[in-house]
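Enquirer: To start, I am sharing the structure in question, which I have written as structure tokens.
The values are calculated or read from the model by the stated rules, or taken from the named source; none is laboratory data. Just so it is clear, the structure is predicted and the values come from calculations on it, not from any experiment. Glycine also receives a Cβ, built like all others from the backbone with ideal geometry; neighbour counts cover every protein chain displayed. Quick note on the areas: whole protein, heavy atoms, side chains included, nothing else; ligands and nucleic acids left out. Shrake-Rupley method; radii C 1.70, N 1.55, O 1.52, S 1.80 Å.
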Amino acid sequence: MPLNRTHDPQRRGWLASANAVGTDFPLQNLPLGSFKAAGSPQVRVGIAIGESVLDLFAVHSARLLRAEAADAAAVAHEGGLAALMALPAEAMSSLRAGVFDLLCDDTEAGARTQGLTPEVLRDAAQVQMQLPCAIRGYTDFLASEHHTERNGRLKGLAVPVPEAYRSVPVAYHGRASSIVVSGTEVRRPNGQWKAADGRVVFGPADALDFELEMGIFIGQGNPQGLPVKLADAHRHIFGLCLLNDWSSKAVQWWEQMLGPFLGKNFATSISPWIVTQEALEPFRVAAPQRATSHPPVLPYLDVGRHSQAGSWNIDLVACLSTRQMRERNQAAAVVTQTGLRHLCWTPAQMVAHHTSNGCNLETGDLLGTGTISGPHDDSRACMTELTSAGRAPLALSGGESRGWLADGDEVVLRARASAPGHVPIGFGECRGLILPSLTY
């Protein structure tokens, strides 16, 4: 998409918190999500702005939008965020432009909206965020070669990166029903695995891990039997969120003959706000350069223009706090600093390959990038890598250490897109606290 006035770094919002340095949600972001207001069972579509949420239902009722933007808001009012996601990119762009004018400090529409603040703007701390939409399909990719190679070496494989890996974006189909929104507590699962003494055991799952990923939400789907070409993949990507692929590694490694099963499907956490592809346009960067020793990408995954701007400059962090750290009011420890640029496959390539056999993606489907590990030690994006599968525990403040996640630990993921000359935008947070397992 070409850049437009909604990306202008000189424009400011009339809401003070939207102009604060370091805010995730300035005027140039405008991510979408679903929420419930206090005391109301109704799920509404909202747009994050500073420390507030613009209620798109209230905006529609007040008839603040015009023309195509008003039509898009009406679709959201009738069908929720999923209906909005299914619209063509042009309709979403009109809505974004209309909302931008409502929140801008130098427009007539902005002045009108400011006068209706109590009706259309809600305190973000007072609403309950929901999953953005119903998620029927979930596929998790394995797009970091750094993550793949480290895991292969930890398992003692003679060839840590399989031959096919550098030719095909590999993935598994996950469990959509256990995807939860940020802030939902995650209970340690029970599971079966092979203990160090060789016994096969069942109980509270050992080797609990987080995996720092991003989620890709599908907007418009494709008919079954009709693949999406790489050049058209961007038309099917609605936007991105944060994703924590919780994993019990002991269970996963014991059971994995046909792919991940109970080691993965007990919970996946995502951030509530979807940052749209249009908001991310200023932050496009070249797709990762392939090593000369790697096989060339097959034509259906290789388009010259895509290699020039197939990814985004998004930096990500994972923070860990223990119960003891919180009781002592100690800050969470930043355990991972990485970037989307480290992945060897791009979101568009994931969509193109996923549909290459005629598989039909649907509105609201979620694709995970896989663990976004980079080449350096501080960019290892899961406990497995950070601790060499528990053999080299991670030192934390107060004398604590972790080989794997413990009950009472809390993991928070954050991300930020930036580029010279543009206002940085964020994704909010993806937070999850681990509860003890239930007695089986």
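Enquirer: Every residue in segment 248-305 that is open to solvent by 40 Å² or more (accessible area, probe 1.4 Å), assigned to a loop (DSSP other than H, G, I, E, B) and among the β-branched types (Val, Ile, Thr), please.
Expert: If the condition is that a residue be open to solvent by 40 Å² or more (accessible area, probe 1.4 Å), assigned to a loop (DSSP other than H, G, I, E, B) and among the β-branched types (Val, Ile, Thr), then Thr292, Val303 are the ones that fit.
Enquirer: For residues in segment 371-403 being outside any loop (DSSP other than H, G, I, E, B) and free of Cβ contacts under 8 Å to residues at least 40 places away in the same chain, which is nearest to Arg328 (Cα to Cα)? Lay out the reasoning, then the answer.
Expert: First pass over segment 371-403, keeping only residues outside any loop (DSSP other than H, G, I, E, B): 377-379, 382-386, 394-395, 397-399, 401-402.
Next, only the ones that are free of Cβ contacts under 8 Å to residues at least 40 places away in the same chain stay: 377, 395, 399, 401.
Working: Asp377: 28, Ala395: 17, Gly399: 13, Ser401: 16 Å.
Looking at residues that are outside any loop (DSSP other than H, G, I, E, B) and free of Cβ contacts under 8 Å to residues at least 40 places away in the same chain, I get Gly399.
Enquirer: Could you say whether any residue in segment 26-36 is among the aliphatic types (A, V, I, L, M) and out of contact with any strand residue (DSSP E or B) (no Cβ under 9 Å at 6 or more places or on another chain)?
Expert: Pass one, segment 26-36, residues among the aliphatic types (A, V, I, L, M): 27, 30, 32.
Add one more test, that the residue is out of contact with any strand residue (DSSP E or B) (no Cβ under 9 Å at 6 or more places or on another chain), and what stays is none.
For segment 26-36, residues among the aliphatic types (A, V, I, L, M) and out of contact with any strand residue (DSSP E or B) (no Cβ under 9 Å at 6 or more places or on another chain): absent.
Enquirer: Would you mind telling me which numbered condition in (1) in contact with a Lys or Arg (Cβ under 7 Å, 6 or more places away or on another chain); (2) hydrophobic (A, V, I, L, M, F, W, C); (3) open to solvent by 20 Å² or more (accessible area, probe 1.4 Å); (4) closer than 28 Å to Gly137 by Cβ Cys344 fails?
Expert: (1)
Enquirer: Can you tell me which residues in segment 94-119 are within 15 Å of Leu56 (Cα to Cα), modelled with pLDDT of 95 or more and not acidic (Asp, Glu)?
Expert: The answer is Ser94, Leu95, Arg96, Ala97, Gly98, Val99, Phe100, Leu102, Leu103.
Enquirer: Starting from residues that are free of Cβ contacts under 8 Å to residues at least 40 places away in the same chain, closer than 30 Å to Leu361 by Cα and assigned to a loop (DSSP other than H, G, I, E, B), keep the ones in segment 155-211 and report whichever is nearest to the chain's Cα centre (by Cα).
Expert: Applying the filter and picking the extreme gives Val170.
Enquirer: Now, a different point. Can you find a residue that is surrounded by fewer than 19 Cβ atoms within 10 Å (Cβ to Cβ), in contact with a Lys or Arg (Cβ under 9 Å, 6 or more places away or on another chain) and touching a residue at least 60 places away in the same chain (Cβ under 8 Å) anywhere in segment 107-125?
Expert: Within segment 107-125, none of the residues are surrounded by fewer than 19 Cβ atoms within 10 Å (Cβ to Cβ), in contact with a Lys or Arg (Cβ under 9 Å, 6 or more places away or on another chain) and touching a residue at least 60 places away in the same chain (Cβ under 8 Å).
Enquirer: Ala74 - would you say it is out of contact with any strand residue (DSSP E or B) (no Cβ under 6 Å at 6 or more places or on another chain), open to solvent by less than 40 Å² (accessible area, probe 1.4 Å), assigned to a strand (DSSP E or B) and hydrophobic (A, V, I, L, M, F, W, C)?
Expert: On the way: out of contact with any strand residue (DSSP E or B) (no Cβ under 6 Å at 6 or more places or on another chain): yes; open to solvent by less than 40 Å² (accessible area, probe 1.4 Å): yes; assigned to a strand (DSSP E or B): no; hydrophobic (A, V, I, L, M, F, W, C): yes.
No; evaluated as a whole, the condition is false for this residue.
Enquirer: Would you check which residues across segment 404-440 are more than 30 Å from Thr276 (Cβ to Cβ), in contact (Cβ under 8 Å) with a residue 40 or more places away in the chain and not aromatic (Phe, Trp, Tyr) and list them?
Expert: Kept after step one, since they are more than 30 Å from Thr276 (Cβ to Cβ), are these residues of segment 404-440: 404-409, 434-440.
Those left that are additionally in contact (Cβ under 8 Å) with a residue 40 or more places away in the chain: 404-409, 434-438, 440.
Selection gives Leu405, Ala406, Asp407, Gly408, Asp409, Ile434, Leu435, Pro436, Ser437, Leu438.
Enquirer: Further, regarding this structure: Pro41 passes all but one of (1) more than 20 Å from the chain's Cα centre (by Cα); (2) within 22 Å of Ser271 (Cα to Cα); (3) touching a residue at least 24 places away in the same chain (Cβ under 8 Å); which number fails?
Expert: (3)
Enquirer: Just checking, does segment 76-91 include any residue being farther than 17 Å from Gln277 by Cα, free of Cβ contacts under 8 Å to residues at least 40 places away in the same chain and in contact with a Leu (Cβ under 7 Å, 6 or more places away or on another chain)?
Expert: Checked segment 76-91: at least one residue is farther than 17 Å from Gln277 by Cα, free of Cβ contacts under 8 Å to residues at least 40 places away in the same chain and in contact with a Leu (Cβ under 7 Å, 6 or more places away or on another chain).
Each row is one residue, and each column tells you yes or no for (1) open to solvent by less than 50 Å² (accessible area, probe 1.4 Å); (2) of a type in the set (Val, Ile, Thr); (3) at pLDDT below 95.
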position	(1), (2), (3)
Cys359	yes, no, no
Thr371	yes, yes, no
Asp377	no, no, no
Ser397	no, no, yes
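Enquirer: Let me ask something else about it. Checking Gly22 against (1) open to solvent by less than 10 Å² (accessible area, probe 1.4 Å); (2) out of contact with any Leu (no Cβ under 7 Å at 6 or more places or on another chain), which test does it fail?
Expert: Of the numbered conditions (1) open to solvent by less than 10 Å² (accessible area, probe 1.4 Å); (2) out of contact with any Leu (no Cβ under 7 Å at 6 or more places or on another chain), the odd one out for Gly22 is (1).
Enquirer: Of the numbered conditions (1) in contact (Cβ under 8 Å) with a residue 60 or more places away in the chain; (2) open to solvent by less than 30 Å² (accessible area, probe 1.4 Å); (3) under 21 Å from the mean Cα position of the chain (by Cα), Leu131 satisfies every one except a single condition; which is it?
Expert: Of everything listed in (1) in contact (Cβ under 8 Å) with a residue 60 or more places away in the chain; (2) open to solvent by less than 30 Å² (accessible area, probe 1.4 Å); (3) under 21 Å from the mean Cα position of the chain (by Cα), Leu131 misses just condition (2).
Enquirer: Moving on to the next point. Considering each of His422, His354 in turn, give the residue that is within 22 Å of the chain's Cα centre (by Cα), under 27 Å from Thr139 (Cα atoms) and open to solvent by 10 Å² or more (accessible area, probe 1.4 Å). Outline the logic, then answer.
Expert: Working: His422 fails: under 27 Å from Thr139 (Cα atoms).
Only one candidate passes the filter, namely His354.
Enquirer: Those residues that are hydroxyl-bearing (Ser, Thr, Tyr) and closer than 21 Å to Trp253 by Cβ, I need them from segment 163-204; list them, please. Before the answer, list the steps.
Expert: Going through segment 163-204, the residues hydroxyl-bearing (Ser, Thr, Tyr) turn out to be 165, 167, 172, 177-178, 182, 184.
Hits for segment 163-204 are Tyr165, Tyr172, Ser178.
Enquirer: Could you tell me which of the residues Leu242, Leu226 is open to solvent by 10 Å² or more (accessible area, probe 1.4 Å) and out of contact with any helix residue (DSSP H, G or I) (no Cβ under 7 Å at 6 or more places or on another chain)?
Expert: Numbers: Leu242 fails: open to solvent by 10 Å² or more (accessible area, probe 1.4 Å).
None of the other options fit; the residue is Leu226.
Enquirer: Something else: For Ser17, state whether it is surrounded by fewer than 19 Cβ atoms within 10 Å (Cβ to Cβ), hydroxyl-bearing (Ser, Thr, Tyr) and assigned to a loop (DSSP other than H, G, I, E, B).
Expert: Numbers: surrounded by fewer than 19 Cβ atoms within 10 Å (Cβ to Cβ): yes; hydroxyl-bearing (Ser, Thr, Tyr): yes; assigned to a loop (DSSP other than H, G, I, E, B): no.
It is false that Ser17 is surrounded by fewer than 19 Cβ atoms within 10 Å (Cβ to Cβ), hydroxyl-bearing (Ser, Thr, Tyr) and assigned to a loop (DSSP other than H, G, I, E, B).
Enquirer: Confirm whether Gly310 is modelled with pLDDT of 95 or more, crowded, with 20+ Cβ neighbours inside 10 Å and under 30 Å from Pro424 (Cα atoms).
Expert: no
Enquirer: Going by what's in this entry, would Ser52 be described as within 19 Å of Pro132 (Cα to Cα) and not aliphatic (A, V, I, L, M)? Break it down into steps so the answer makes sense when it comes.
Expert: Working: within 19 Å of Pro132 (Cα to Cα): yes; not aliphatic (A, V, I, L, M): yes.
Taking the combined requirement at face value, the residue satisfies it.
Enquirer: Which residues, counting only those in segment 34-71, are β-branched (Val, Ile, Thr), open to solvent by less than 20 Å² (accessible area, probe 1.4 Å) and more than 20 Å from Ala91 (Cβ to Cβ)?
Expert: Within segment 34-71, the subset β-branched (Val, Ile, Thr) is 43, 45, 47, 49, 53, 59.
Within this subset, residues satisfying the condition of being open to solvent by less than 20 Å² (accessible area, probe 1.4 Å) are 45, 47, 49, 53, 59.
Once the filter is applied, which keeps residues that are β-branched (Val, Ile, Thr), open to solvent by less than 20 Å² (accessible area, probe 1.4 Å) and more than 20 Å from Ala91 (Cβ to Cβ), segment 34-71 yields Ile49, Val53.
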